[in-house]
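The values are calculated or read from the model by the stated rules, or taken from the named source; none is laboratory data. Since the structure is predicted, the reported quantities are computational estimates derived from the model, not experimental observations. Because the Cβ atoms are built from the backbone with ideal geometry, glycine has one as well, and the counts that use them run over all protein chains shown. The area values use the complete protein model at the heavy-atom level, side chains included, leaving out ligands, DNA and RNA. Shrake-Rupley method; radii C 1.70, N 1.55, O 1.52, S 1.80 Å.
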Amino acid sequence: MNKLILGDNFEIMKSMESESVDLIYLDPPFFSNRNYEVIWGDDGEVRSFQDRWSGGIEHYIAWLKERVEQMYRILKPTGSMFLHCDWHANAEIKVDIMNKLFGRNNFRGEIIWQRHNAHNDAKKKLAVLTDTIWYYSKSEKFTYTPIYVEIDKSNNHYNLEDEKGKYFLGDLTAPNTRKGESGSEWNGINPTDKGRSWAVPNIIVENLAGSAAIKNLTVQEKLDLLNDNGFIVFSKNGVPSVKRYEYMSKGRLVGNQWYDIQNVLGSNERIGYPTQKPEKLLERIIKMASKEGDIVLDPFVGGGTTIAVAEKLGRRWIGIDQSVAAVKVSDLRLKSRKNSLFYVPSEYELRLRKYDYDLLRNKDAFAFETEIIKQFGGIPNVKQRSDLGIDGKMKDNTPIQVKRSDNIGREVVDKFVSAIQRSDKDLFERNKKDKKPVGYIIAFSFGKGIVSEAARLKNKSGIIVELKKVSDIMPYYGEKPKVSLSADEIDMNKYEFRACGESENGIEFYSWDFNHKADEGFKADVILDKAGRQTKAFETGKYTVAVEAVDKNGMSGTDSINVEIRDEKNDKK
């Protein structure tokens, strides 16, 4: 089943089966350290923002690399990955992550996407108008379908015309000799004499004879077929050319420079997500590198563009995000696709979770350690003293240390590494050699010093100490928010709606369904509304208007109100 999952993609991907995904597109947060990267503002997104900025570029690359390592593992041998980034770190990402994991030989292209045109700031500095999308396959055998786009009419080379339509004259020969098409004389001409070979356009032959017949035709028979149907023109010197008609063209083959896809500003696709990518961009990638029924993964789902396009193109999909709002907006975006009579969204699993910070923070220390270690999949240490700071172990005996505190410092990782070596030197060296974690530290949050030191140990010494946040481990489901809806008629057939949501966690946003049908479920016409206010004019008829309030932990509550618009101008309810 398709899945839309709230959580840390690193932890979720670790539980996924190896070689199970056909295509991965990821648009991770860029290395720009700008506040605009915090889009939704919910706790999960803020934590992620702080994590990747807690140790500079070295930590950012380590943060991203460990996630791409998991993506590489779960990618099928015939699969491909597209990593979307910008100038802040694209060089480091290619050299330190993609080349090392996929290998230089599996580099398939640097896609340059022009997001917008130059603004006034280009008068002061060279404007950066493009993003980079690194394209790699896992092996030399990979899924690929060439993409054709419409030819630019303003630069149209179909400059001749006859009764069949517009055409241009193309060469019938090509440089060098080609097996099977060199040495073949036709009409007294042998291109091999000039170091060339015949280059018969099979698209025209297929159009005339059919795709099945073309396999059995010789070069001379193909040329005869073209000539008999008026497709070959001879120059005064007897050199043949072929008429390439516009109606037979598949279009222009797409290369690595994508200047023909506009961003979503001003588009009806726009849902209020600042870094939202256009559907045409993902449509091109998904069509190029996957087939119907393939599984597409987006581990930074954002506004849900990838999974929405994958759904439309008949692919299976998995979307993951740390932000509650991102997951809920993506969920509503999928459910709101009610404008097509022929499009029926498939079933998918929506996986949300939250945890109660205060409840865990104020628990008995030993009870807290026991609960969090069990939830993490480990075995708690029954001894509470003389344990060298090791509070539990994974099933393979890898040590776990738990700190029931926030913002822990560098000295914790230093002491923990020493304790691990004293406890079981052989296991420490074996895990280090196998590039596995030598230990895990669990806490509510981590300071910059410990994050930077953990990254340094991994990059310089090959010692991996994983820092795990309580929020990434503990699931806890809370109560749904309460919401009430009221409406006032402010003009003929026009109403103002006001939603009031209540949640102990705070309301994140509201969504609106202006023609709600209970048997179809909630399908949002307005996905993202921070204020809970909407104005709507209606045609004659009966309507149920529904609002959904989403709190900061992804829980949602709904309310609805009925509106009836009569034919009589002054008889409305």
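With the Cα gyration tensor of the range 184-324 in hand, give its eigenvalues times 5 under a square root as the equivalent ellipsoid semi-axes, listed largest first in whole angstrom.
For the range 184-324, the semi-axes come out at 48, 17, 13 Å.
Residues of the chain: accessible area per residue at 1.4 Å, in Å²?
For the chain, the per-residue accessible area is 51 Å².
How much length is gained if the chain between A127 and S211 is pulled fully straight, taking 0.36 nm per residue apart and subtracting their Cα-Cα distance, in nm to one decimal?
Contour length minus the Cα-Cα distance gives 25.4 nm.
Under 8 Å for C-alpha pairs, at least 6 residues apart: give me the relative contact order for the chain, rounded to a whole percent.
14 percent
With label points built 7 Å along Cα→Cβ from the Cα atoms of Q257 and N493, find their separation and express it in nm.
5.1 nm
Tabulate in residue order the Karplus-calculated ³J(HN,Hα) for the range 482-492, using 6.51 cos²θ - 1.76 cosθ + 1.60 with θ = phi - 60°, rounded to whole Hz; enter x for Gly and Pro.
Running phi through 6.51 cos²θ - 1.76 cosθ + 1.60 with θ = phi - 60° gives 9, 9, 10, 10, 10, 8, 10, 7, 10, 6, 4 Hz.
Please report, as a whole percent, how much of the solvent-accessible surface of the range 367-421 comes from carbon and sulfur atoms (probe radius 1.4 Å).
Percent of accessible area from carbon and sulfur atoms in the range 367-421: 45.
Along the Cα-to-Cβ line of D193, 7 Å from the Cα, sits a label point; which residues in the range 211-249 have backbone N less than 18 Å from it?
So the set is 220, 234-241.
For the full complex of protein chains and a 1.4 angstrom probe, list I295, I490 by accessible area with the highest value first.
Greatest to least solvent exposure: I490, I295.
What's the percent breakdown of Cα-Cα distances in the chain across 20 Å bins, shortest bin first?
All Cα pairs, binned at 20 Å, distribute as 16, 40, 29, 13, 2 percent.
Set the Förster distance to 41 Å, then compute FRET efficiency between D396 and K287 from the Cβ-Cβ distance, nearest 0.05.
0.45
In the full protein assembly as shown, how much of Y259 is accessible to a 1.4 Å probe, in Å² to the nearest 10?
It works out to around 110 Å².
By accessible area of protein heavy atoms, probe 1.4 Å, what ranking do E185, E283 get, highest first?
Of E185, E283, the descending order of accessible area is E185, E283.
Compute the distance from the alpha-carbon center of the range 383-451 to that of the range 203-248, in whole Å.
Rounded to whole Å, the Cα centres lie 72 Å apart.
Got a number for carbon plus sulfur as a percent of the range 56-169's accessible area, 1.4 Å probe?
That share works out to 49 percent.
Find the centroid of the Cα atoms in the range 480-548 and in the range 56-119, then give the distance between the two in whole Å.
So the separation of the two Cα centres works out to 41 Å.
Rg and Dmax of the range 64-171, using alpha carbons, in Å: what are they?
Answer for the range 64-171, Rg first and Dmax second: 19.9, 61 Å.
Just grab the label-to-label distance for D171 and D414, each label 7 Å out from Cα along the Cβ direction, in nm (one decimal).
Here the modelled spin labels are 6.9 nm apart.
Using 0.36 nm per residue of separation minus the Cα-Cα distance, give me the extension gain between R422 and K164 in nm, one decimal.
84.4 nm
Arrange the residues L528, L485, L160 by how much accessible surface each exposes, largest first, with a 1.4 angstrom probe.
Of L528, L485, L160, the descending order of accessible area is L160, L528, L485.
Rounded to the nearest 500, what is the 222 nm mean residue ellipticity of the chain from helices alone, with -39500 (n - 2.57) per DSSP H run of 4+ residues and division by all residues?
-7000 deg cm²/dmol
So how far apart, in nm, are the two label points at H116 and S484 if each is 7 Å from Cα heading toward Cβ?
4.2 nm
Kirkwood Rh over Cα pairs of the range 442-499 into Stokes-Einstein at 25 °C, 0.890 mPa s: D in µm²/s?
Roughly 149 µm²/s, to the nearest whole number.
Using Cα atoms only, what is the angle between the long axis of helix 410-423 and the major principal axis of the chain, expressed in degrees (0 to 90) to the nearest 10?
The two axes meet at around 90 degrees.
Any idea of W63's accessible area? Nearest 10 Å², probe 1.4 Å.
W63 exposes around 20 Å² with every protein chain in place.
When the chain is fully extended, how far beyond the present Cα-Cα distance does M16 get from K312, taking 0.36 nm per residue of separation?
Value of the extension gain: 104.1 nm.
Would you check the accessible area of I189, probe 1.4 Å, heavy atoms only, in square angstrom rounded to 10?
Surface accessible to solvent at I189 totals approximately 40 Å².
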